[in-house]
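Data block below; observations after.
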Amino acid sequence: MISNTLNNDEYDTYYKRYIDNAASIDIIEGLEQNLDSMVLFYSGLAQDKHNYAYAEGKWTPKDVLLHIIDTERVFAYRALRIAREDKTPLAGYEQDDYAVTANANKRSLVNIIDEYKIVRQASIALYRSFDSAALEQVGEASGCPISVRAIGYILTGHENHHTQIVKDRYL
């Protein structure tokens, strides 16, 4: 379990489920593996599933993928700020508010996948730029401590979590 490789003061217990669901012990390797697997998975979704919600008020696969993108942008920004030793506490974000205004279902899935690829490539480049001292930096986000390296694991574990939900409830 990856959470065993992190110190307890590097993340809030809320994120343990995502960290434990990360694809690889190596952050960059995990980000790269997920880039390929996510593109393959979402590209293979049947057209009739793109805007499908399994229950009233639930997200569609396009909503889920755009949520993953939004979360990655927010968390990559946090990683950058913390790696650069910015000690300013970072605010949380309300994912449901983002989903309502993102208008994912008015876009094509191909367009959202293209956006995902660009965002993920930017995150990979960002993590490649971090040395070990930057990865170990701990800051505050959403009122809790979080390290740059914990964020890297959260990125892949978070998308693995949501993709599994899509597989279980939408297919």
Count of residues meeting criterion [touching a residue at least 60 places away in the same chain (Cβ under 8 Å) and of a type outside the set (D, E, K, R)] in the stretch 38-59
8
Restricting the first residue to the stretch 68-83 and requiring it to be within 24 Å of V39 (Cβ to Cβ), which pairs with a second residue that is part of a helix (DSSP H, G or I) and at pLDDT below 95 meet a Cβ separation below 6 Å and a spacing of at least six or different chains?
D70/Y98
Test G157 against the criterion of being over 16 Å from Y18 (Cα atoms), in contact with a helix residue (DSSP H, G or I) (Cβ under 7 Å, 6 or more places away or on another chain), modelled with pLDDT of 95 or more and small (G, A, S), and give yes or no.
no
Checked against (1) outside any loop (DSSP other than H, G, I, E, B); (2) farther than 18 Å from C144 by Cβ, K58 satisfies every condition except (1)
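Restricting to the stretch 1-30, count the residues that are of a type in the set (D, E) and touching a residue at least 60 places away in the same chain (Cβ under 8 Å). Reasoning before the result, please.
Of the residues in the stretch 1-30, the ones of a type in the set (D, E) are 9-10, 12, 20, 26, 29.
Next, only the ones that are touching a residue at least 60 places away in the same chain (Cβ under 8 Å) stay: 9-10, 12, 20.
The qualifying residues number 4.
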Among the residues of the stretch 13-35, write down those that are open to solvent by less than 70 Å² (accessible area, probe 1.4 Å), farther than 14 Å from I2 by Cα and not hydrophobic (A, V, I, L, M, F, W, C).
E32, N34
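Given the criterion aromatic (F, W, Y) and touching a Gly at 6+ places or on another chain (Cβ under 6 Å), identify the matching residue among Y18, Y42, Y54. Give the steps one after another, and end with the answer.
On the way: Y42 fails: touching a Gly at 6+ places or on another chain (Cβ under 6 Å); Y54 fails: touching a Gly at 6+ places or on another chain (Cβ under 6 Å).
That would be Y18, the only listed residue that is aromatic (F, W, Y) and touching a Gly at 6+ places or on another chain (Cβ under 6 Å).
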Could you check the stretch 89-171 for helices (runs of 4 or more DSSP H) lying wholly inside it with 3 or more residues that are out of contact with any strand residue (DSSP E or B) (no Cβ under 6 Å at 6 or more places or on another chain) and open to solvent by 70 Å² or more (accessible area, probe 1.4 Å)?
95-102, 109-129, 148-170
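The values are calculated or read from the model by the stated rules, or taken from the named source; none is laboratory data. In this text the structure is predicted, and so the values were computed from the model without any measurement. When we count neighbours, we look across all protein chains shown, and the Cβ atoms used for this are built from the backbone with ideal geometry, even at glycine. Surface areas here come from the heavy atoms of the whole protein model, side chains and all, with no ligands, DNA or RNA. Shrake-Rupley method; radii C 1.70, N 1.55, O 1.52, S 1.80 Å.
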